[in-house]
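Just below is one structure, and these are the notes that go with it.
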Amino acid sequence: METKPYPQYKESGIQWIGKIPEEWSSHKIKDYLEFDIGGTPPTSHEEYFEGDNVWISIEDLTTNKTIDIKNSKKKISDEAIKKSNVKLIKKGSLLFSFKLTVGETAFAGCDLYTNEAIAAFKQNKNISLNYLKYLLKVGFENNAFENIYGAKIFNSELIKFAKIIKPSFIEQEQIAKYLDNKTTKIQKTITKNKQLITLLKEKRTTLINQTVTKGLNPDVPMKESGIEWIGQIPEHWKLSRLKFNISKKAQYGANKEPEKNDEKLDVRYIRITDIDDNGFLKDSKVYLSKEDAKEFLLNENDILFARSGATVGKAYLHKNNLEKCCFAGYLIRYVPSKTLNSKFLLYFTLSKCYWSWIHYVSTQATIENVSADKYNELILPIPPLIEQENINEYLDNQTKNIDKTIEKVEKNIELLEEYKESLIHHVVTGKIDVRGVEL
């Protein structure tokens with residue numbers, strides 16, 4: 001019953017929607033809906049942003065992810081309201097982001113204000129805002145103007161003349177009720193899957209931390225390391241600074257702008273943003289000319305450390321199975337000596353104790369930064385080389401199994417998200433008839 005179509009259809013006149021049920025109609029937004037667009041007080045007046053009035057930005061919509069939004073990261077003063085073009089948005093209005101990030105929605109959980117990237121649709125008797133919140137997620141960006149970079153651009157006029165489809169008000173409410181019920185269930189499953197991923201990642205980090213600081217033998221005699229974030233280590237292990245376990249001086253990367261491969265440049269340029277949380281490279285690729293890259297070519301088992309910004313502390317172990325690579329200026333190259341296995345060092349950078357150290361040293365300055373001088377002082381628990389290799393083999397097997405499970409759960413989340421989007425599209429455009437469906 002839930003997947004049956006309507007008895008008869010007609011052309012909607014809207015290309016991205018196609019046919020709609022016979023009784024439905026299509027209209028411009030201005031025919032039935034009123035909306036306000038907010039504004040931003042002059043940023044030169046810092047005191048304008050020290051008030052108590054809720055002022056919603058796209059960031060608030062994307063981070064809060066609540067049905068009814070009642071709070072904002074920044075709040076504005078009464079004086080800012082008087083001196084700027086912000087408009088009061090009444091509680092119950094539907095907020096819709098239409099610049100840069102298009103399609104985020106939430107209901108105003110209280111009287112509030114918004115910036116100029118958000119349209120606030122007012123309540124009325126013709127279009128249910130509960131229904132509209134779903135309709136705005138279904139191809140609405142097709143009403144936008146696309147700039148030369150492919151970005152979707154809206155303005156007040158484009159929103160006014162955007163096309164929407166209109167069932168009866170009772171049917172709109174039934175559609176919204178049905179989708180609220182179904183999407184809530186789907187989202188609960190997605191949330192549980194995300195929680196499972198968090199637990200699996202925590203398990204991975206805990207396993208690595210335990211192994212690189214305590215080893216594989218639970219019965220080995222232990223000693224105090226004297227380092228708060230490392231704790232006890234096996235009695236036969238040594239503690240040593242990174243600078244005493246490298247074969248050449250740490251090297252900063254190239255300060256050059258990357259190139260696309262249009263000119264067939266063949267040296268891949270690795271940047272901080274190309275390294276993921278597990279020390280692997282992402283698919284994004286840019287290149288550097290051979291001349292610019294020659295002093296920064298990577299060799300087998302070189303380790304790169306990120307030294308600045310939100311990614312400070314990330315590390316990458318280079319293998320020669322990749323194309324020829326060089327590295328960028330916000331990365332530091334280390335070449336471990338014969339006393340330190342490169343992969344063991346990489347695993348150490350994935351441990352809790354390492355990140356405790358990163359947090360400590362990077363927060364000593366106003367800007368998060370860990371220079372080569374600081375990395376040089378990183379204290380490592382170092383087992384004998386054969387034990388480092390055994391630890392690597394053990395962690396390779398264990399983390400591989402965890403990563404496979406994470407990958408499966410992530411794929412499941414992806415499928416659930418696709419199903420949710422498909423369900424919303426089919427119901428809100430009348431491809432599925434949900435009239436009379438019991439919930």
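The values are calculated or read from the model by the stated rules, or taken from the named source; none is laboratory data. Everything quoted here is computed from the prediction, not taken from an experiment. For neighbour counting, all protein chains shown are included, and Cβ atoms are generated from backbone atoms with ideal geometry for every residue, glycine included. Only protein heavy atoms, including side chains, enter the accessible area calculation; ligands, DNA and RNA are left aside. Shrake-Rupley method; radii C 1.70, N 1.55, O 1.52, S 1.80 Å.
Brief remarks follow.
- Taking the conditions (1) closer than 25 Å to GLU421 by Cα; (2) not in a helix (DSSP H, G or I) in turn, ASN217 satisfies each one other than (1).
- Top-ranked residue in the stretch 206-229 [being at pLDDT 95 or above and touching a Ser or Thr at 6+ places or on another chain (Cβ under 6 Å); ranked as nearest to ILE382 (Cα to Cα)]: VAL212
- Reported count of residues in the stretch 420-439, each being under 30 Å from LEU199 (Cβ atoms) and surrounded by 13 or more Cβ atoms within 10 Å (Cβ to Cβ), is 4.
- Residue match in the stretch 369-377 (condition: in contact with a strand residue (DSSP E or B) (Cβ under 8 Å, 6 or more places away or on another chain), at pLDDT 95 or above and either surrounded by fewer than 16 Cβ atoms within 10 Å (Cβ to Cβ) or part of a loop (DSSP other than H, G, I, E, B) (or both)): yes
- Any hit, the stretch 48-56, residues being among the polar types (S, T, N, Q) and within 24 Å of ASN155 (Cα to Cα): no
- Residue that is surrounded by the fewest Cβ atoms within 10 Å (Cβ to Cβ), among those in the stretch 329-354 that are over 24 Å from LYS203 (Cβ atoms) and touching a Gly at 6+ places or on another chain (Cβ under 6 Å): GLY329
- Any hit, the stretch 353-375, residues being closer than 25 Å to LEU340 by Cβ, touching a residue at least 40 places away in the same chain (Cβ under 8 Å) and of a type in the set (D, E, K, R): no
- Top-ranked residue of the stretch 286-314 - restricted to ones that are in a loop (DSSP other than H, G, I, E, B) and among the hydrophobic types (A, V, I, L, M, F, W, C), ranked as farthest from PRO336 (Cα to Cα): VAL286
- Test: residue in the stretch 29-39 that is within 30 Å of the chain's Cα centre (by Cα) and open to solvent by 90 Å² or more (accessible area, probe 1.4 Å): no
One line per residue, one yes/no per condition, for (1) among the small types (Gly, Ala, Ser); (2) open to solvent by 80 Å² or more (accessible area, probe 1.4 Å):
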{"position": "SER240", "(1), (2)": "yes, no"}
{"position": "GLU259", "(1), (2)": "no, yes"}
{"position": "LYS282", "(1), (2)": "no, yes"}
{"position": "ALA293", "(1), (2)": "yes, no"}
{"position": "LEU298", "(1), (2)": "no, no"}
{"position": "LEU304", "(1), (2)": "no, no"}
{"position": "VAL312", "(1), (2)": "no, no"}
{"position": "ASN321", "(1), (2)": "no, yes"}
{"position": "PHE327", "(1), (2)": "no, no"}
